[in-house]
Amino acid sequence: MKAILAVVAVIVLAFVAYAFVKYRAIQQAATGPAKEIVSESMEKTGDTWRVRFVSKFDAPLDKVFDAFQHPERVKEFAPESR
């Protein structure tokens, strides 16, 4: 009897752990990969894809504009990834 209860407990524990991992994955996917991205969308019309990202940058406007004008200097402008 104890063996059956132990097997049932292990199965229930495994299911709870699996559900928790899936829940965390869904939560992480819902919040997006980067904290700077406020919203994103992707839609296909015929053969054309439209991708839209709205980002929030904590920087002065002239620095953000300079970063868009000179993408080859991205390492100077991008924050460090963690």
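The values are calculated or read from the model by the stated rules, or taken from the named source; none is laboratory data. Because the structure is predicted, anything quoted here is derived from the model rather than measured. Cβ: placed from backbone, ideal geometry, glycine included. Neighbour counts: every protein chain shown. Quick note on the areas: whole protein, heavy atoms, side chains included, nothing else; ligands and nucleic acids left out. Shrake-Rupley method; radii C 1.70, N 1.55, O 1.52, S 1.80 Å.
Quick check on my filter: what residues within segment 32-60 are over 20 Å from the mean Cα position of the chain (by Cα) and either more than 28 Å from Ala78 (Cα to Cα) or not in a loop (DSSP other than H, G, I, E, B) (or both)? Steps first, please.
From segment 32-60, those over 20 Å from the mean Cα position of the chain (by Cα) are 44-49, 59-60; that's our starting set.
Within segment 32-60, Lys44, Thr45, Gly46, Asp47, Thr48, Trp49 qualify.
Residues that are of a type in the set (Lys, Arg) and either in contact with a strand residue (DSSP E or B) (Cβ under 7 Å, 6 or more places away or on another chain) or surrounded by 10 or more Cβ atoms within 10 Å (Cβ to Cβ) (or both) within segment 36-58 comprise Arg50, Arg52, Lys56, listed in sequence order. Contact map, segment 18-36: first residue under 30 Å from Val64 (Cβ atoms), second residue at pLDDT 75 or above and open to solvent by 100 Å² or more (accessible area, probe 1.4 Å), Cβ cut-off under 6 Å, separation 6 or more or different chains; pairs are Glu36/Lys56. Against the conditions (1) assigned to a helix (DSSP H, G or I); (2) open to solvent by 100 Å² or more (accessible area, probe 1.4 Å); (3) at pLDDT below 90, Tyr18 satisfies every one except (3). Checked against the criterion of being among the small types (Gly, Ala, Ser), open to solvent by 100 Å² or more (accessible area, probe 1.4 Å) and either modelled with pLDDT under 85 or in contact with a helix residue (DSSP H, G or I) (Cβ under 9 Å, 6 or more places away or on another chain) (or both), segment 72-82 has at least one qualifying residue. Of the residues contained in segment 21-31, one or more are found to be more than 14 Å from the chain's Cα centre (by Cα), basic (Lys, Arg) and modelled with pLDDT of 80 or more.
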